[in-house]
Amino acid sequence: MSLGIELSVEQLEKFEVYLNELTRWNSQFNLTAIKPPDEIEIKHFADSLTLVSGFDSLGLENSIRVIDIGTGAGFPGLPLKIALPQISLALLESNFKKTGFLRHIVKRLGLENVTIVYGRAEALALSPDYRESFNIVVSRAVASLNTLAELCLPFCRIGGLFIAPKKGEISGEIALAAGALEKLGGSLASVVPVKLAGLDDNRCIVVIRKISPTPARYPRRPGVPGKNPLK
């Protein structure tokens, strides 16, 4: 699989700085369980960039607004921002120590139009400043698709995309999420296989298009989407 992205020398240097700073901070704050530099390059950087395969022409516009839900140490949002500097990016994270790293690395990389938000998706999605305000919503969070849909689709504007990487057999999970997508205003657009050296665990990109408004009662209160997923 070709990522379809050409990186300049400056962009490659930013990835090198990101790698070095992540490794340095990780020794104190345990930001990621993946520690060897070569694995970080493949399983974090390259894996994050595979989401570009789910973007349509929206992702190439200067006015595009992207939010990364549960970004952790910045994945997939920051690699996408380095590769596509024209996007405006919001990073949502509920771990305070990780937001400290995010502020540091965004400043260290000199990235513009990046907002770091500390909080829970269930709460932020109710804010008029964020609800249905983004063209593209991404998340690499480890959760079922119906749970992720409830956390992510409320942020997505009509006609926008929610994009999630998945691995393993996904057809059953997609079938289970059909009812949730209908309730939340989403519709399955595509499932894009990921074939990239070093990522051999049957990965794909699930792309959901927002076709109607998400009812005001969603998302439910913090913790409920994970404990009691929509059906």
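Miscellaneous remarks
- Span-rule helices in the chain, defined as complete DSSP H runs reaching 15 Å or more along the axis (Cα) with Kyte mean at least -0.5: 96-109, 171-184
- Comparing Cα centroids, region 11-71 and region 165-199 end up 21 angstrom apart.
- For the pair His104 and Asp201, the difference between a 0.36 nm per residue extended length and the Cα-Cα distance amounts to 31.7 nm.
- Net length available on complete extension from Ser63 to Val9 is 17.0 nm, with 0.36 nm assigned per residue and the Cα-Cα distance removed.
- Segment Lys231-Asp56, extension gain: residue separation times 0.36 nm, minus the distance between their alpha carbons: 60.2 nm
- Each label was represented as a point 7 Å from its Cα along the Cα-to-Cβ direction; for Lys35 and Tyr118 these points are 2.7 nm apart.
- Per the Cα gyration tensor, the chain maps to an equivalent ellipsoid with semi-axes of 26, 19, 17 Å, ordered largest to smallest.
- Its alpha carbons considered, region 35-138 gives a radius of gyration followed by a Dmax of 13.3, 41 Å.
- Put simply, the Cα atoms of region 114-231 extend 41, 34, 27 Å along their principal axes, the longest span coming first.
Each value in this text was obtained by applying a stated rule to the coordinates, not by laboratory testing. Nothing here was measured: the structure is a model prediction, and the numbers come from that model. Note that we place each Cβ from the backbone using ideal geometry, even for glycine, and neighbour counts take in every protein chain shown.
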